[in-house]
Amino acid sequence: MKNEAKEWEKERLNPNGWLSARPSQQFNVVRRVYQQDVLNKDADYQVPDKPLSYRCKKAVQSCGFGDCLLNSVPIARWLPRYSAGRDLVGDLVAGATTAVMHIPQGMAYALLAEVPPIVGLYMAFFPVLIYVIFGTSPHVSMGTFAVACLMAGKVVTQYSTHPDYANLMNATANVTTGGVIAGPQYTPLQVLSIVCLSVGFFQVIMWMLRLGAVSTLLSEPLVSGFTTAASFQVLSSQLKDLFGVKISKIGHNYKVVLTVIEVVKNLPSLNWAAVIISAITCLIIALNNEILKPIVSKLSRVPVPVELLAIVVGTLVSRFGSLKEQFGIALVGNIPTGLPVPEVPPVELFPSVALDAFTITMVTYTISMSMALIFASKEKYEIDANQELLALGASNVFGSFFGCAPICASLSRSYIQYQAGSKTGVTTVVSACLILCVLLWIGPFFEQLPRCVLASIIVVSLKGMFMQVKELRKFWRLSKLDAIVWLVTFLTTVLVNIDIGLAAGLLASVGTLFCRSQKPYTCLLGRVLDTDLYLDTKRYRAAEEIPGIKIFHYCGGLNFASKNLFRSTLFRKIGYLKPAETTQEEDNLTKSESFEWDPTIGHRVQCVIIDATALSYVDAPGIRSLVAVQRELAASSITVLLAGANGPVLEMIDRYNSLESEQLQLDTFPTVHDAVVYYKILTSRKEQPALTIVS
């Protein structure tokens, strides 16, 4: 028998190794026609019962002290199993490579947060060490990220007082009123620290509430449109440094448009030296990324550190060429050595920055989780979404005491770190140690670095985000609604502001869900000859409707929002609502409501079977609509049957019938074929002539 089975399987395998269909092969299954209640008895159906005591017991058993420690502190799980011979070389190479990228990107992105460049290096040291302890992804590179720093910078400019501006205001107040301006004044670092603390607080709260799946609210079109638009916001913020112009302070909204206008107005006074340096830097980095990097990647895992070379060469040229004195080039300025003294953030600012901090929380967590899941899929390991919340939250809370911005996974650094051979969290430790050397000894070397070099590094690194514009075409071809979400998010973020754009994208995403729920897939099913298969008659020409029987297939949920749509669609499909006869003048006016009731439906349809195999959920208003449909069709002598409903739907119907006076009395069947055969048997019995016995 085994040999025969193997031979039969070989016959069915096509050259590609797939099982091929055999039209001549038939399987005959003989069983009784089941109604749902009879099947429940035969199959011993039982409603799952999990009382509160059972759930509490399972929770305690599955979360002992040891398990909780290992789950909450993943380093306690992987560090004892660390193999130096297997992993150390890869971690050292990847750590050194990532540190080289951290230096230019950290200094550049710190400018987006409106704080000194040294803060970007703090972010590459303090919070990432905490992430090593609590994080579950060894391949993502945490630290500065353009979008996160830009969003934090928007809050900094809104609530901080620039030192020069504060001195000017105080001097003016002394002259005019003889006093100092009232109200608290916060430095950019203080505002940034409370933003970071708030983000960490929200992430820890979300971890406690097990809200790791909340990131799914940000759909792929929303994230793509948002990050693409944010790249234009980043670009506009760097125009003044690229062209070496000074522009007036711009409000919070319409910043991209107003910045471009201001830069154009100041073009006559642009700094040609800054323009030339920016052009040369951008050209060299772009040529490296497009031409040299693909060649080097085939020969070595370590890429050419062109960004680091750019800031080193830029610093040397500035130092020996006296660019500031000769051409008025803006420089990075003072970079302190050593580690900063921890300070408590101004917690009184929390109510003011809470909304912006929550927005940053959602964005940074979604981007970080997306990157972590990409590498987890490649390397076949699991990422704990809730644990990542704890890791990010603890990192941000710790980093806030050192004036850091909220950390996020960097797309470019993460890919480089992965390609360089990162194996474990030791990669991050190696990178942090090298950053510590820069903080302790090398930092002041970069004080003469032109700001236009950092701006050029930022602009070139945005290329990947700019190229996401191409995804609009993909979304348009897949779904027009997804494309609309992308456009709404992108245009609102670019033209108005980042937080408003994200809110608009969320509303658009929720709107698409509602639109899709209002257009569920419905059809009439027909039977394929000599089978028990029932398929969409519009898509399968071999499927033919059974005379007198309409089989209505409905996908989705039946609830308070879709009950009217379900009723009207059902009546239209079975012909109870027929197209109204309108005059030519009225046709254009009443085209959308050109249906009328057909009282003669009972002559053409005797049975309506509702195929509920794809009915995912039903609530009380949905069941009430089923009651109304059944009564209305019964008034026209039409039998209504329900087929294929799952267990939770049937249990909901039973609960409804036990509480409501108007009960749903429907014959239910496990399959459509059972319902069809049952109705045919029922009809044949009614049509048999009565036997009269004459005595």
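Are any of the residues in segment 291-304 in the same structural domain as residue 204 (by the TED database), under 24 Å from residue 122 (Cβ atoms) and not in a helix (DSSP H, G or I)? Break it down into steps so the answer makes sense when it comes.
Taking segment 291-304 as the starting set, the residues that turn out to be in the same structural domain as residue 204 (by the TED database) are 291-304.
Next, only the ones that are under 24 Å from residue 122 (Cβ atoms) stay: none.
No: segment 291-304 contains no residue that is in the same structural domain as residue 204 (by the TED database), under 24 Å from residue 122 (Cβ atoms) and not in a helix (DSSP H, G or I).
For residue 166, work out the one condition from (1) aliphatic (A, V, I, L, M); (2) modelled with pLDDT of 90 or more; (3) open to solvent by less than 20 Å² (accessible area, probe 1.4 Å) it doesn't fulfil.
Evaluating residue 166 over (1) aliphatic (A, V, I, L, M); (2) modelled with pLDDT of 90 or more; (3) open to solvent by less than 20 Å² (accessible area, probe 1.4 Å) leaves (2) as the failure.
Does residue 341 fit the bill of being under 30 Å from residue 156 (Cβ atoms), without any contact (Cβ under 8 Å) to a residue 12 or more places away in the chain and surrounded by 13 or more Cβ atoms within 10 Å (Cβ to Cβ)? I'd like the intermediate steps shown before the answer.
Values: under 30 Å from residue 156 (Cβ atoms): yes; without any contact (Cβ under 8 Å) to a residue 12 or more places away in the chain: yes; surrounded by 13 or more Cβ atoms within 10 Å (Cβ to Cβ): no.
No; evaluated as a whole, the condition is false for this residue.
Would you pick out the residues in segment 373-391 that are of a type in the set (Gly, Ala, Ser) and surrounded by fewer than 23 Cβ atoms within 10 Å (Cβ to Cβ)? Steps first, please.
Kept after step one, since they are of a type in the set (Gly, Ala, Ser), are these residues of segment 373-391: 376-377, 385, 391.
376, 377, 385 - these are the residues of segment 373-391 that are of a type in the set (Gly, Ala, Ser) and surrounded by fewer than 23 Cβ atoms within 10 Å (Cβ to Cβ).
Would you check if residue 412 is polar (S, T, N, Q), surrounded by fewer than 20 Cβ atoms within 10 Å (Cβ to Cβ) and assigned by the TED database to the domain that holds residue 209?
yes
Kindly evaluate residue 451 against the criterion of being closer than 30 Å to residue 283 by Cβ, in the same structural domain as residue 242 (by the TED database) and open to solvent by 30 Å² or more (accessible area, probe 1.4 Å).
Numbers: closer than 30 Å to residue 283 by Cβ: yes; in the same structural domain as residue 242 (by the TED database): yes; open to solvent by 30 Å² or more (accessible area, probe 1.4 Å): yes.
For residue 451, the condition - closer than 30 Å to residue 283 by Cβ, in the same structural domain as residue 242 (by the TED database) and open to solvent by 30 Å² or more (accessible area, probe 1.4 Å) - is met.
Check residue 419 against each of (1) under 24 Å from residue 297 (Cα atoms); (2) free of Cβ contacts under 8 Å to residues at least 40 places away in the same chain; (3) not basic (Lys, Arg) and name the one condition it does not meet.
The one condition residue 419 does not meet is (2).
When you go through 511, 501 one by one, which is the residue that is among the small types (Gly, Ala, Ser) and open to solvent by 20 Å² or more (accessible area, probe 1.4 Å)? Lay out the reasoning, then the answer.
Details: 501 fails: open to solvent by 20 Å² or more (accessible area, probe 1.4 Å).
Residue meeting the stated conditions: 511.
Of (1) open to solvent by less than 30 Å² (accessible area, probe 1.4 Å); (2) modelled with pLDDT under 90, residue 252 satisfies all except one. Which?
(1)
As an exercise: evaluate residue 540 against (1) modelled with pLDDT under 90; (2) in the same structural domain as residue 625 (by the TED database) and give the number of the one condition it does not meet.
(1)
Of the residues that sit in segment 280-318 and are touching a residue at least 24 places away in the same chain (Cβ under 8 Å) and of a type in the set (Gly, Ala, Ser), which one is nearest to residue 90 (Cα to Cα)?
297
Return the pairs, sorted by first residue and then second, in which the second residue is open to solvent by less than 60 Å² (accessible area, probe 1.4 Å) and not in a helix (DSSP H, G or I), the first residue lies in segment 375-388 and is touching a residue at least 60 places away in the same chain (Cβ under 8 Å) and β-branched (Val, Ile, Thr), the beta carbons are less than 8 Å apart, and the residues are 6+ apart or on different chains.
383/136; 383/137
Mind checking which residues of segment 30-44 are of a type in the set (D, E, K, R) and under 17 Å from residue 649 (Cβ atoms)?
Step one: filter segment 30-44 for residues of a type in the set (D, E, K, R), giving 31-32, 37, 41-42, 44.
Of everything in segment 30-44, just one residue is of a type in the set (D, E, K, R) and under 17 Å from residue 649 (Cβ atoms), namely 37.
Residues 442, 435, 484: which one is assigned by the TED database to the domain that holds residue 307, in a helix (DSSP H, G or I), farther than 30 Å from residue 328 by Cα and open to solvent by 10 Å² or more (accessible area, probe 1.4 Å)?
Numbers: 442 fails: farther than 30 Å from residue 328 by Cα; 435 fails: open to solvent by 10 Å² or more (accessible area, probe 1.4 Å).
Going through 442, 435, 484 in turn, just one is assigned by the TED database to the domain that holds residue 307, in a helix (DSSP H, G or I), farther than 30 Å from residue 328 by Cα and open to solvent by 10 Å² or more (accessible area, probe 1.4 Å): 484.
When segment 206-225 is examined, which residues are found to be more than 16 Å from residue 473 (Cα to Cα) and in contact (Cβ under 8 Å) with a residue 24 or more places away in the chain? Walk me through how you get there before you give the answer.
First pass over segment 206-225, keeping only residues more than 16 Å from residue 473 (Cα to Cα): 206-219.
Across segment 206-225, the qualifying residues are 206, 207, 210, 211, 212, 213, 214, 215, 217, 218, 219.
Within segment 525-532, is there a residue that is more than 30 Å from residue 216 (Cα to Cα), surrounded by fewer than 19 Cβ atoms within 10 Å (Cβ to Cβ) and touching a Lys or Arg at 6+ places or on another chain (Cβ under 7 Å)? Full working, then the answer.
Filtering segment 525-532 down to residues more than 30 Å from residue 216 (Cα to Cα) leaves 525-532.
So of that shortlist, the ones also surrounded by fewer than 19 Cβ atoms within 10 Å (Cβ to Cβ) come out as 528-532.
Restricting the remaining residues to those that are touching a Lys or Arg at 6+ places or on another chain (Cβ under 7 Å) gives none.
The answer is no; no qualifying residue exists.
If you check every pair at least six apart or on different chains, which have Cβ atoms under 7 Å apart with a residue in segment 233-248 that is more than 15 Å from residue 154 (Cβ to Cβ) first and a residue that is modelled with pLDDT of 85 or more and of a type in the set (Asp, Glu) second?
247/262; 248/262
If we only count helices (runs of 4 or more DSSP H) wholly inside segment 334-428, which ones have 3 or more residues that are among the polar types (S, T, N, Q) and at pLDDT 95 or above? If you could, list the steps in order and put the result at the bottom.
Values: elements: 350-379, 385-400, 411-419.
The qualifying helices (runs of 4 or more DSSP H) are 385-400.
Of the residues 193, 224, 141, only one is at pLDDT 85 or above and within 18 Å of the chain's Cα centre (by Cα); which?
Details: 193 fails: within 18 Å of the chain's Cα centre (by Cα); 141 fails: within 18 Å of the chain's Cα centre (by Cα).
224 is the lone residue from the list that is at pLDDT 85 or above and within 18 Å of the chain's Cα centre (by Cα).
Residue check: is residue 490 at pLDDT 90 or above, among the aromatic types (Phe, Trp, Tyr) and either open to solvent by less than 80 Å² (accessible area, probe 1.4 Å) or closer than 19 Å to residue 257 by Cβ (or both)? Write out each step before concluding.
On the way: at pLDDT 90 or above: yes; among the aromatic types (Phe, Trp, Tyr): yes; either open to solvent by less than 80 Å² (accessible area, probe 1.4 Å) or closer than 19 Å to residue 257 by Cβ (or both): yes.
Considered against the rule, which asks whether it is at pLDDT 90 or above, among the aromatic types (Phe, Trp, Tyr) and either open to solvent by less than 80 Å² (accessible area, probe 1.4 Å) or closer than 19 Å to residue 257 by Cβ (or both), residue 490 comes out as yes.
Has segment 533-552 got at least one residue that is within 30 Å of residue 233 (Cα to Cα) and out of contact with any Pro (no Cβ under 9 Å at 6 or more places or on another chain)? Full working, then the answer.
From segment 533-552, those within 30 Å of residue 233 (Cα to Cα) are none; that's our starting set.
There is no residue in segment 533-552 that is within 30 Å of residue 233 (Cα to Cα) and out of contact with any Pro (no Cβ under 9 Å at 6 or more places or on another chain).
Tell me, yes or no, whether segment 66-84 has at least one residue that is loosely packed, with under 11 Cβ neighbours inside 10 Å, outside the structural domain of residue 393 (by the TED database) and at pLDDT below 65.
Yes, some residue in segment 66-84 is loosely packed, with under 11 Cβ neighbours inside 10 Å, outside the structural domain of residue 393 (by the TED database) and at pLDDT below 65.
The values are calculated or read from the model by the stated rules, or taken from the named source; none is laboratory data. Everything numeric here is computed off the predicted structure, so don't read it as measured data. With ideal geometry, Cβ positions are generated from the backbone for all residues, glycine too; neighbour counts draw on all protein chains shown. For the accessible areas, the whole protein counts, side chains as well, though only heavy atoms, and no ligand, DNA or RNA atoms are used. Shrake-Rupley method; radii C 1.70, N 1.55, O 1.52, S 1.80 Å.
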